[in-house]
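Input: a single structure, listed below in structure tokens.
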Amino acid sequence: MATVDPDLPIRQAAIERARQLAQAYDDLVPVEILRQGFVFHEQHVSFGSFQKGIHRARVQRGAAALTLMTSLRDPYADAYGDAGFAYAYRAGPIDQADNRALRAAYELQTPLVYFRGIGPGQYLVVAPMFVTADDPATRTVRLEPGLPVQDMQPGGLVSPPEIRAYATREARYRLHQQRFKLDVMRAYRHRCAICALRERALVQAAHIVPDADPAGVAAVVNGLALCAIHHLAFDRNLLGIDPGGVVHIANRLLHEIDGPMLKAGLQGFHGEQIAVPRSPGDRPDPMRLEQRFEIFRRAAA
């Protein structure tokens, strides 16, 4: 087995393109975009078919996989911890081509792109990702994120364990937040709970209690679908929602004159009831609303 991956330049190009797409699509990349692949030295390179998890591109000279994919329905989809993400061999003989490509990535400690299904046809990108442990007995490997610059050089994974642990926690946080976003948007049918705007590019998932608070869980009961202006007003405590779901606008804005946006977009919703999800289990938690509304009251006093 070679000590330096001959496909490292392809990997660097794949990782750069995957990260560009993650940024362009706010961390949830549509599968139809990923299926377009990327261009390397005037050659088209595939990110994979997204029908199977382990992918080695035709243009590669080496044996190691280029990308890994975990589908939305994969039984290992929630198998992760501080030590990284669990990833299973492909079913069948242990020495089949896909499993050899997965294990070669471990032996070379070479960077890959990892696509994790979050919603139907939507993938979270983690890149670079490394195979840091191989357990043939359980037919699983361990995946850990690396640093985009430092760990994409010849020699493979060089980040110390504490940096990899931090990168893993960050990847887990992104995973939770994107699931939260999709779950909230589904529960509210992609409409702002205050104004009913349904332009998906302008409706966002807002936390009732912020992440940093112990009660700030990434769950639908701690979320609201809000349009961009109402989300910002909520975050800045210019708009509050009481435990009964009634909208309150800060006093200093109620009597201000500043054009039709202020009047129709904020003042006009003072005293209105928010729309809530059909399922009782998805509706905002009154205790969290009360906790957040108290912050609004203090700020608006």
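Residue by residue, here is whether (1) surrounded by fewer than 12 Cβ atoms within 10 Å (Cβ to Cβ); (2) modelled with pLDDT of 95 or more holds:
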{"residue": "ASP7", "(1), (2)": "no, yes"}
{"residue": "ARG11", "(1), (2)": "no, yes"}
{"residue": "ILE15", "(1), (2)": "no, yes"}
{"residue": "LEU34", "(1), (2)": "no, yes"}
{"residue": "VAL39", "(1), (2)": "yes, yes"}
{"residue": "GLY53", "(1), (2)": "no, no"}
{"residue": "GLN60", "(1), (2)": "no, yes"}
Cβ pairs under 6 Å, 6+ apart, first in the stretch 276-301 and outside any loop (DSSP other than H, G, I, E, B), second acidic (Asp, Glu): PHE293/ASP242
Would a scan of the stretch 117-139 turn up a residue that is assigned to a helix (DSSP H, G or I), over 25 Å from GLN178 (Cβ atoms) and of a type outside the set (Phe, Trp, Tyr)? no
Looking at (1) surrounded by fewer than 20 Cβ atoms within 10 Å (Cβ to Cβ); (2) without any contact (Cβ under 8 Å) to a residue 24 or more places away in the chain; (3) assigned to a helix (DSSP H, G or I); (4) among the small types (Gly, Ala, Ser), can you tell me which one SER159 breaks? (3)
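Need at least 2 residues that are closer than 27 Å to GLU162 by Cα per element, so show me which helices (runs of 4 or more DSSP H) inside the stretch 2-109 make the cut, counting only ones lying wholly within it.
Filter on the stretch 2-109 gives 8-24, 97-108.
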When residues of the stretch 216-237 are limited to those that are in contact (Cβ under 8 Å) with a residue 60 or more places away in the chain and in contact with a helix residue (DSSP H, G or I) (Cβ under 6 Å, 6 or more places away or on another chain), the one nearest to PRO260 (Cα to Cα): ASN237
Taking MET152, is it modelled with pLDDT of 95 or more, in contact with a Pro (Cβ under 9 Å, 6 or more places away or on another chain) and not assigned by TED's automatic domain parsing to the domain that holds HIS248? no
Here is a check on your reading of the model: is GLU256 more than 15 Å from ALA299 (Cα to Cα), in contact with a strand residue (DSSP E or B) (Cβ under 9 Å, 6 or more places away or on another chain) and among the acidic types (Asp, Glu)? no
Just the residues that are assigned to a loop (DSSP other than H, G, I, E, B), β-branched (Val, Ile, Thr) and either in contact with a Lys or Arg (Cβ under 8 Å, 6 or more places away or on another chain) or not assigned by TED's automatic domain parsing to the domain that holds VAL246 (or both), please, taken from the stretch 196-221. ILE208, VAL209
Could you grab me the full set of residues in the stretch 234-245 that are buried (at least 16 other Cβ atoms within 10 Å of the Cβ) and outside any loop (DSSP other than H, G, I, E, B)? PHE234, LEU239, GLY240, ILE241
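The values are calculated or read from the model by the stated rules, or taken from the named source; none is laboratory data. Please read all numbers here as calculations on a predicted model, not as lab measurements. Virtual Cβ from ideal backbone geometry, glycine too; neighbours counted across all protein chains shown.
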